[in-house]
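Below: one structure, written as structure tokens.
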Amino acid sequence: MTNNISKVAKDAHRIAMEHGWWDKDILARRSFGDMITLMHCELSEAYEEYCKGHKVDEVYYQKNGKPEGIPMELADCVIRIFDFCEANEIDIEKAILEKMEFNKTRPFRHGKKC
Ligand SMILES: [Mg+2]
């Protein structure tokens, strides 16, 4: 697993840059709040797919070949997170692994949260 997350994160950012999503004119009008909102939007799109009756693991395709469905919206969310992390020099792989190690030490259903 190590190196794969970092590689995918770098690729996500490279592809976003190649498609103009980090050009100065866009950066000038995007705040941190905007970026977080865009990540949330992808989760809302996943919920919309669920509301339309699609199964959580269902992937379907538009006529132009675009993959759709809950897995694709979850992927969009991760791609946005990875892109943001790379642009801001956040080592997301390190953060994920560190947080997972900490989570191992937490009590069963810590805090009885949902
Ligand atoms: Mg989407």
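It is to be established whether one or more residues within segment 93-112 are touching a residue at least 40 places away in the same chain (Cβ under 8 Å), open to solvent by less than 90 Å² (accessible area, probe 1.4 Å), within 16 Å of the ligand (Cβ to nearest atom) and within 16 Å of Ala9 (Cα to Cα). Working first, answer last.
Within segment 93-112, the subset touching a residue at least 40 places away in the same chain (Cβ under 8 Å) is 93, 96-97.
Now restrict to residues that are open to solvent by less than 90 Å² (accessible area, probe 1.4 Å): 93, 96-97.
Applying the additional criterion that residues be within 16 Å of the ligand (Cβ to nearest atom) yields none.
No, there is no match, as no residue in segment 93-112 is touching a residue at least 40 places away in the same chain (Cβ under 8 Å), open to solvent by less than 90 Å² (accessible area, probe 1.4 Å), within 16 Å of the ligand (Cβ to nearest atom) and within 16 Å of Ala9 (Cα to Cα).
Which one is nearest to the ligand (Cβ to nearest atom) among residues in segment 43-65 that are among the acidic types (Asp, Glu) and assigned to a helix (DSSP H, G or I)? Lay out the reasoning, then the answer.
We begin by selecting, within segment 43-65, every residue among the acidic types (Asp, Glu); these are 45, 48-49, 57-58.
Adding the requirement that they be assigned to a helix (DSSP H, G or I) leaves 45, 48-49.
Numbers: Glu45: 5, Glu48: 10, Glu49: 9 Å.
For segment 43-65, the residue satisfying everything is Glu45.
With over 17 Å from the mean Cα position of the chain (by Cα) and at pLDDT below 95 as the only criterion, which of Asn64, Asn3 stands out? Spell out how you get there, then give the answer.
Values: Asn64 fails: at pLDDT below 95.
When all the criteria are applied, what remains is Asn3.
State all residues of segment 39-62 that are open to solvent by less than 60 Å² (accessible area, probe 1.4 Å) and either in contact with a Phe, Trp or Tyr (Cβ under 9 Å, 6 or more places away or on another chain) or touching a residue at least 60 places away in the same chain (Cβ under 8 Å) (or both); if no residue qualifies, say none.
Met39, His54, listed by residue number.
Here are the criteria: (1) over 10 Å from the mean Cα position of the chain (by Cα); (2) within 15 Å of the ligand (Cβ to nearest atom). Tell me which single one Asp23 does not satisfy.
(2)
Assuming Asp34 fulfils every condition listed in (1) within 16 Å of the ligand (Cβ to nearest atom); (2) in contact with a helix residue (DSSP H, G or I) (Cβ under 8 Å, 6 or more places away or on another chain) apart from one, which condition is it?
Result: Asp34 fails condition (2) only.
Determine whether segment 66-79 contains at least one residue that is assigned to a loop (DSSP other than H, G, I, E, B) and without any contact (Cβ under 8 Å) to a residue 24 or more places away in the chain.
Scanning segment 66-79 turns up at least one residue that is assigned to a loop (DSSP other than H, G, I, E, B) and without any contact (Cβ under 8 Å) to a residue 24 or more places away in the chain.
The values are calculated or read from the model by the stated rules, or taken from the named source; none is laboratory data. These numbers come from a predicted model, not from an experiment. FYI the Cβ positions are ideal-geometry reconstructions off the backbone, even for glycines, and counts take in every protein chain you see. Each accessible area value is taken on the protein alone, full model and side chains, heavy atoms only, with ligands, DNA and RNA left out. Shrake-Rupley method; radii C 1.70, N 1.55, O 1.52, S 1.80 Å.
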